[in-house]
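Scroll down for the structure; my scribbles are underneath it.
Only the coordinates and a few stated rules stand behind these numbers; no lab work does. Since this is a predicted model, take the numbers as computed values, not measurements. Methodologically, a virtual Cβ is constructed for each residue, glycine included, from the backbone with ideal geometry; neighbour enumeration extends over all protein chains shown.
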Amino acid sequence: MPRYGTIDRDYGMRLANCDPATDGPIYMLNLMKYRDAADYGGKGGDASVSGREADDRYAPVDVLAAIGAKVCFTAEVLDASDDWDRVAVVRYPTRRAFIEMQSRKDFQEKHVHKEAGMHHTIVMATLPVGDLPARARPGRVLLEVWAGDAPPSVQRGAAVTFDIEGTIIGDGRTWTSARYTPLADDADVDLSAPTAHQVLVLEPTIDRWT
């Protein structure tokens, strides 16, 4: 059991047992909060690095390439309704590929760095409702995540919505939808009012959905 979140085992079984005839690409949305200092828990590793630096060492790009997955989107969190540091979206060719990756030796060898660096995370399996997001760089992106009916957006724009099929790792809360909206250079997003859903202002570092 990871220290950084609770696994939804029922949803994990759904992913693992998905019918190959109906399985297909899935976009895993990760919201990440790092430890101030990496905590390897006596399992080796450089305890002098920050949690962010430990997660950078985790980055399993070669493992993803080996299973046909790719990083579509990464971003630094500039402001948020909750305390997050970074966002990432990875496209897996199938749901089963995501589950089978967890048991690969090369993935497990890297995972120790994620365990050391991550304070908590939410990992959601998402599916695009329509088109994929257009490239936003060098501009900012507004990400909203909610449960139930769609809330009014805090900013107008050409939004792209994803359905959330399940939350494989999280804090017990369930989510149903995510929305990405490019922000104009002069857009001012006010996050001072309390909100029941997640609202994040992002600065993309990787933006290659297609």
A careful count of residues in the range 87-135 that are out of contact with any strand residue (DSSP E or B) (no Cβ under 8 Å at 6 or more places or on another chain) and of a type in the set (D, E, K, R) gives 9
Scanning the range 139-152 for residues that are within 20 Å of the chain's Cα centre (by Cα) and farther than 20 Å from Gly166 by Cβ, the one surrounded by the fewest Cβ atoms within 10 Å (Cβ to Cβ) turns out to be Gly139
Note on the range 32-78: residues over 28 Å from Val189 (Cβ atoms) and of a type in the set (D, E, K, R) are Asp39, Lys43, Asp46, Glu53, Arg57, Asp62, Lys70
Checking Asp62, Asp36, Asp82 in turn, the sole residue that is closer than 29 Å to Arg179 by Cβ and not hydrophobic (A, V, I, L, M, F, W, C) turns out to be Asp82
Of the residues in the range 114-133, those that are under 26 Å from Asp185 (Cα atoms) and in contact (Cβ under 8 Å) with a residue 60 or more places away in the chain come to Pro128, Leu132, Pro133
Of the residues in the range 169-188, those that are buried (at least 16 other Cβ atoms within 10 Å of the Cβ) and either over 16 Å from the mean Cα position of the chain (by Cα) or part of a strand (DSSP E or B) (or both) number 10
Conditions (1) surrounded by 18 or more Cβ atoms within 10 Å (Cβ to Cβ); (2) free of Cβ contacts under 8 Å to residues at least 60 places away in the same chain; (3) of a type outside the set (A, V, I, L, M) -> Asp39 fails only (2)
When the range 189-210 is checked residue by residue, the ones that are outside any strand (DSSP E or B) and either among the β-branched types (Val, Ile, Thr) or under 28 Å from Pro93 (Cα atoms) (or both) are Val189, Thr195, Arg208, Trp209, Thr210
The condition from (1) of a type outside the set (Val, Ile, Thr); (2) closer than 25 Å to Arg173 by Cα; (3) surrounded by fewer than 17 Cβ atoms within 10 Å (Cβ to Cβ) that Met28 misses is numbered (3)
